[in-house]
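Written below as structure tokens is the structure these notes are about.
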Amino acid sequence: MKDMGGASVYRPLDVDSVIQYVRDHPQAGAHVDTAGELEAIEVGDGNLNLVFKVFDRTSERSLLLKQALPYVRVAGPSWPMPAERAGYEARALAIEHAAAPGLVPEPYWFDDELKLNAMENLADHRVIRFPMMEGKRYRDLGKTIGDFMARTLYATSDFALDAADKREIMKGFFNVELCRITEDLVFTEPYLPDAPRNRWNPRIDADVADFQADEELKAQAAKLKYRFMNATQALIHGDLHTGSIMANDHDIRVIDPEFAFFGPMGFDIGAFIGNLWLSGASHEAHSPEPQARASYRRYLIGEARAAWAAFEAGFRERLREVSSPSWGSPAFQDDFIASVLRDTAGYAGCKMLRRIVGFAHVADLDSIEDLGDRARAERIAIRIGRRLVTEHARVASFDDIVAIAADAMEVRDD
Ligand code: SR1
Ligand code: MG
């Protein structure tokens, strides 16, 4: 569709119009035969966007198109959300692709009129959250995500960039509306007894009331929120949960960086670690057999350790060549890594609690049909989340984070 001046105008695509769009797009021919037999399906399973896979049945090639709607998809038009978020995703994906090639989908083009990102279709990959509910183990999951974080976080930090260059990039990442979602849904509403968007399993009413009355917890969550809003350490992914990771048996990719902005590095690492612990808690129901449950939880602990180890090693390696002599001090570097570790603990805890009490939950827990079973799993997650938030400033090694999770999941860490 064109306006009177001949430019495309925004309209949400569907499985028919997306095919015509691909046929007409000058860059699509590099990825599919635009005159061939094309077929489209809509596969969006996230909270916000439309996602189309377009298959070229003649050559067996395909591409993926992700279009932002002008509202939150799961809430509908009553919750408007600027479709400009697609531009943040385009800019972030380009930077991530440069810093961590092979660890994100290859970006093809960004259509600013349609608020649409075209990219590599990860045809035989799956979002890992769902197979993990069935006990799927991904080789090198933690190592790969730790490597992704070391690469992307270092490359966009003051350690790699000249201050003026970093500030120039920051101009493209104010991302006000999506940061507001995180500020509200992660850091504010879960701690308010009467926030209208909160929802939770009625079997945990008492647990929720107890944590919402915990002044120390709320003070620590407020500190973490303030830091989220003010620590412009690096371009962070901003939503790095297990729904933002796709994998097959030999390849792992990070997707969906639309929440990207300059924030604290520990928010990304914490999101990943917190989601591993949510998975572990959910196996209270998904793996009723105690030995299988303990075994899967040990796997998760191993991947969490591997993620932190890969992040720390990769980051320290890169710190050998810093952009300013100021950053060369070994004591400063140790101090910095220690602060990222504390943030990792705190944000992991925040990301867990919001998935149990806030607006947006996770399938790991919500798929547990029996509310009593779900409550048992949720109580484990709440125990971990509360301790991580409350104790984050005292965390001195990754072992401290593991000990909190292992204790609540009643698994020996060896
Ligand atoms: C209204 S959006 C809810 C959540 O979905 C995204 O994945 C983010 O985690 C956000 O907080
Ligand atoms: Mg997402």
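A few points about this structure:
- Residue in the range 103-116 that is among the aliphatic types (A, V, I, L, M) and closer than 30 Å to residue 368 by Cα present: no
- Residues considered: 23, 61. Of these, the only one that is more than 19 Å from residue 123 (Cα to Cα), away from ligand 2 (no atom under 16 Å from the Cβ) and either open to solvent by 40 Å² or more (accessible area, probe 1.4 Å) or not hydroxyl-bearing (Ser, Thr, Tyr) (or both) is 23.
- Residues of the range 272-325 that turn out to be in contact (Cβ under 8 Å) with a residue 12 or more places away in the chain, among the hydroxyl-bearing types (Ser, Thr, Tyr) and open to solvent by 10 Å² or more (accessible area, probe 1.4 Å), as a count: 4
- Hits in the range 110-126 - residues which are farther than 15 Å from residue 248 by Cβ and surrounded by fewer than 18 Cβ atoms within 10 Å (Cβ to Cβ): 112, 113
- Residue list for the range 36-58, restricted to those being part of a strand (DSSP E or B), open to solvent by 60 Å² or more (accessible area, probe 1.4 Å) and within 16 Å of ligand 2 (Cβ to nearest atom): 42
- Applying the criterion of being assigned to a loop (DSSP other than H, G, I, E, B), open to solvent by 10 Å² or more (accessible area, probe 1.4 Å) and farther than 18 Å from residue 123 by Cβ to the residues of the range 84-109, the residue that is farthest from ligand 1 (Cβ to nearest atom) is 101.
- Among the residues of the range 326-364, those identified as within 15 Å of ligand 1 (Cβ to nearest atom), more than 22 Å from residue 399 (Cβ to Cβ) and not aromatic (Phe, Trp, Tyr) are 353, 354, 355, 356, 357, 358, 360, 361, 362, 363, 364.
- Inter-residue pairs, beta-carbon under 7 Å, first without any contact (Cβ under 8 Å) to a residue 40 or more places away in the chain and in the range 215-235, second in a helix (DSSP H, G or I), 6+ apart: 218/191
- Looking across the range 218-243, just one residue is within 16 Å of ligand 2 (Cβ to nearest atom), surrounded by 23 or more Cβ atoms within 10 Å (Cβ to Cβ) and more than 11 Å from residue 268 (Cα to Cα), and that is 242.
The values are calculated or read from the model by the stated rules, or taken from the named source; none is laboratory data. What you see is a predicted model, and the numbers here were worked out from it, not measured in a lab. Because the Cβ atoms are built from the backbone with ideal geometry, glycine has one as well, and the counts that use them run over all protein chains shown. Keep in mind that these areas ignore ligands, DNA and RNA; they rest on the heavy atoms of the full protein, side chains included. Shrake-Rupley method; radii C 1.70, N 1.55, O 1.52, S 1.80 Å.
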